[in-house]
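Here is the structure we will look at, set down as structure tokens.
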Amino acid sequence: MIDIQIIANRLLKELSPLMEAPLIISDHNGFIVAATDESRMNQFHEGVLTVIRDRTTLYISNTQAHSFQGARGEVLTLLSIDEIPLGVLGIEGPIVQVEPYIKMATKVAEMLIERALMSEDYDPEAQLLELFLTELLGGQLTKEAIQQQLKKLHVEAIYDRVALIELDVKTEAVVIRHLVHIQIIHPQLIIARWNVNQIVLLIPKVSRGPLQDALQLIHQKLAKLTQSHVKMGIGNRHPFHLLALSYQEANSALTICTKERAIVFEEDLKLELLLVESTKKHREEYIERVLGPIMHEPELMMNLDIWMSNDQSLKEVAEQLHIHKNTLKYRIKKIEHLLNVNLRNTADQAALYIALLLYKHQYITK
């Protein structure tokens, strides 16, 4: 997909001289990525989703603005290529003053987008496929619309799983080309640039073992090529028209990835699902309630983590920490006292294990 964020500021610069009204450019998820009024940057605009869903122009008066989160009195119009939505252009002001500019501004914006599609770094056919993936994985297409797009793009519905690859650096076209040459997952694997630093894979019917081995190889080669940390989240298998579910699962798996656990299949997640489903506020509250008294004592936190990870073996933990067993006993008693727990109690063990898992995910750099 062409990332509207990459060219949004250019669109704003080109369009601003044509009209005096304040402008916004939003992505297809409803977030404002460029704005004349910088205070609106990165805000969510509920009206954008209405425009994307209904493929229409939305007129919002000042009195109606309160009905849409992030809205003002403005007109929102769809920006699309080959009937596939990329984002939304917003022109602020009274409808009677703004309306004459809508068609002209939309046409200019879409011409600039088409120019970007045809630039050296973009393959038009690949971009049309990626635009289709935006809607498919966003769950925005009916079965009938999917079939029409597949026919138009000459793509078979043989795919049943989605994987997301995330880099620490921007995904350049050369990375995609390299990935096409080195991948051994399947000859018809679909590879597309996704957001600024992500790559999406549509995977045909491939069994888990060979897929995992192939992803491990890709991980090693991409890490070497990009000199960055590479993470991979893999969704579960679903029928083609439900690949949006696999995409959501791949996103969930990606949030669990760490440097030590760089490839995560969503189907393997158990306790980690708490990290995905719970809110940041709830996780922080839980961590504070369970670990609060020792959170700012790194030695005790490390001792507790190692204790819980080694089946509470006094001998093994003392050896790993290079301390005497009596010293360890003292520290364990101190932890129990400060946290008001019994480390031999199953319920306390479970609470501490979950809290440590949440703490590492929430606060330790990935």
TODO: Go through Lys224/Lys360; Lys259/Lys360; Lys221/Lys259; Lys231/Lys259; Lys170/Lys221 and tell me which ones have a Cα-Cα distance over 18 Å in this structure.
DONE: Lys224/Lys360
Open item on the list: Please report the accessible area of Val290 (heavy atoms, 1.4 Å probe, ligands and nucleic acids excluded) in Å², nearest 10.
Closed with: 30 Å²
Task: Extension gain from Leu274 to Ser61, taking 0.36 nm per residue of separation minus the Cα-Cα distance - done: 72.5 nm
Open item on the list: What whole-number distance in Å separates the alpha-carbon centres of the range 67-102 and the range 299-333?
Closed with: 61 Å
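Using a 1.4 Å probe over the heavy atoms of the protein chains, calculate the carbon and sulfur portion of the accessible area of the chain as a whole percent.
C and S atoms contribute 52 percent here.
Which FRET efficiency, nearest 0.05, do Asp168 and Val96 yield, Cβ-Cβ r, R0 51 Å?
Step by step, r from the Cβ atoms, then E = 0.55.
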- [ ] Between Lys13 and His229, take the C-beta separation as r, use R0 = 35 Å, and let me know the FRET efficiency to the nearest 0.05.
- [x] 0.55
Task: Shape parameters for the range 220-262, alpha-carbon atoms, Rg then Dmax in Å - done: 12.5, 36
Open item on the list: If I model a spin label at Asp37 and Ile176 as a point 7 Å from the Cα along the Cα→Cβ vector, what separation in nanometres do I get?
Closed with: 3.6 nm
TODO: Express the relative contact order of the chain as a whole percentage, based on alpha carbon pairs under 8 Å and six or more residues apart in sequence.
DONE: 11 percent
TODO: Could you work out how far apart the two model spin labels at Gln212 and Leu314 are, taking each label as a point 7 Å from the Cα in the direction of the beta carbon, and quote it in nm?
DONE: 3.8 nm
TODO: Quick one: plug the Kirkwood hydrodynamic radius of the range 252-366 (C-alpha pairs) into Stokes-Einstein at 25 °C, 0.890 mPa s, and report D in µm²/s.
DONE: 162 µm²/s
Open item on the list: I need the peptides 318-326, 229-237 ranked by packing, meaning the mean over residues of other C-beta atoms within 10 angstrom, with the highest value on top.
Closed with: 229-237, 318-326
Task: Span per principal axis, largest first, for the Cα atoms of the range 123-239 (Å) - done: 42, 31, 22
Open item on the list: Report the rotationally averaged projected area of the chain based on its alpha-carbon convex hull, in square nanometres.
Closed with: 22.4 nm²
- [ ] Can you tell me the FRET efficiency between Leu321 and Gln362 if r is taken as the Cβ-Cβ distance and R0 is 22 Å, rounded to the nearest 0.05?
- [x] 0.35
- [ ] For the range 188-292, give the share of DSSP beta bridges that are antiparallel, in percent and rounded to the nearest 5; count only bridges with both residues there.
- [x] 60 percent
Open item on the list: Tell me the angle of helix 143-153 to the major Cα principal axis of the chain, expressed in degrees between 0 and 90 and rounded to the nearest ten.
Closed with: 70 degrees
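Test of understanding: what is the full-extension gain from Ala145 to Glu284, defined as 0.36 nm times their sequence separation minus their Cα-Cα distance?
Stretched out fully, the Ala145 to Glu284 stretch lengthens by 45.8 nm.
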Task: the range 273-344 - percent relative contact order, Cα under 8 Å, separation 6 or more - done: 30 percent
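Taking 8 Å as the Cα distance limit and 6 or more residues as the minimum spacing, I'd like the relative contact order of the range 217-366 as a percentage.
In percent, rounded to a whole number, it is 19.
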TODO: For the chain, report the accessible area per residue in Å² (1.4 Å probe, heavy atoms, rounded to an integer).
DONE: 52 Å²
- [ ] Pop out the ³J(HN,Hα) list for the range 35-48 in order, Karplus 6.51 cos²θ - 1.76 cosθ + 1.60 with θ = phi - 60°, rounded to Hz; leave Gly and Pro as x.
- [x] 7, 4, 8, 4, 5, 8, 4, 6, 7, 7, 10, 5, x, 4
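The values are calculated or read from the model by the stated rules, or taken from the named source; none is laboratory data. Just so it is clear, the model here is predicted, and its values are computed rather than measured. With ideal geometry, Cβ positions are generated from the backbone for all residues, glycine too; neighbour counts draw on all protein chains shown. With ligands, DNA and RNA removed, areas are computed over all heavy atoms of the protein, side chains included. Shrake-Rupley method; radii C 1.70, N 1.55, O 1.52, S 1.80 Å.
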